[in-house]
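To start, the structure under review is shown below, and the notes come after it.
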Amino acid sequence: MNLKENERIDDLQYKGLKIIQNKDGFCFGIDSILLSDFAKNLKNNSKVLDLGTGTGIISILLCEKSKLNKIIGVEVQEEVFDMAKRSVILNSLQDKMEVINKNILELQEIYENNSFDVIVTNPPYKKKSTGIINQNEKKLISRHETTASLEDFISVSKNLLKDKGEFYMVHRPDRLADIFYLMRKYKIEPKILKFVYPNTMKSANLILIKGIKNANPFLKMEENLYIYNESGQYTDEIKQIYNEN
């Protein structure tokens, strides 16, 4: 596999999977790892859409963690899309995974409504023009809602999901009120919520949410997940996710 300038191949330490990344771009974090594990019990033979796939980390892991039929990753940045496409080939996942270079707002020109069983997404966490603005355009697009807003991600999901289709997202706790409001607005009922903490001494910095389109109201709070223990090492739960046990 030929690499471009500043690219590297990272070992995902799971069933031999690897991924191509550019060290000057926005590399995946633990949030994507956690989302892939949170969503792994999706229904067998599901047709899945990964909105804002980046370098394809969530899609690649779900190909092995679940029994999905097909997953399509959508990435707006051409350079990042190209890395994801080559990672599909690197892992010989062409039969299960496809990547397309589109803005999520263009998807309804490609796919009919009610086309997907499952949607997963790790969208930009920050509203446009808020927080520290990164001058690196690739990192800016990955972190801030520059090409699509949180409402766009949820409204597109509503349109493309089948009735009772599943929606999985990782985000920040400070956006939870917005997330619940928008999910209800677009008929994706929040069903499971999980808070993720760096350790027992710090506040939650991630949330994992599962919603179901046109479902009845009932929200289950799962047990909190802690990344590090008192010794600064990964907790047993995180080791299991990383397949280190």
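What follows draws every value from the coordinates through simple rules; no lab data is involved. None of these values were measured; they are calculated from a predicted model. We place every Cβ from the backbone using ideal geometry, glycine too, and count neighbours over all the protein chains shown.
Observations on the structure shown:
- Fully extending the segment from E223 to E98 would add 41.6 nm, taking 0.36 nm per residue of separation and subtracting the current Cα-Cα distance.
- Across region 10-43, the residues whose backbone nitrogen lies under 15 Å from the label position 7 Å along the beta-carbon direction of Y111 are 43.
- Violating pairs (Cα-Cα greater than 26 angstrom) within the set K96/K210; K15/K127; K164/K202: K15/K127; K164/K202
- Rounded to 0.05, the FRET efficiency of the N199 and E5 pair, given R0 = 35 Å and the Cβ-Cβ distance, is 0.40.
- Hypothetical label at K187: residues of region 200-216 whose amide nitrogen lies under 11 Å (7 Å Cα-Cβ projection): 213-215
- Charge context of L93, other residues only, Cβ under 12 angstrom, K/R +1, D/E -1: +3
- Here the simple spin-label model places points 7 Å from the Cα toward Cβ, and for K47 and D24 these points are separated by 3.9 nm.
- Net charge dipole size for the chain [Lys, Arg +1 and Asp, Glu -1 on Cβ; Debye, nearest 20]: 540 debye
- Prolate/oblate/rounded call for region 8-131, Cα gyration tensor, a/c under 1.5 rounded: rounded
- By DSSP, the beta bridges lying fully in region 7-241 are antiparallel in about 45 percent of cases.
- Exposure proxy shown here: for C27, C63, the number of other Cβ atoms within 10 Å sets the order, fewest to most, as C27, C63.
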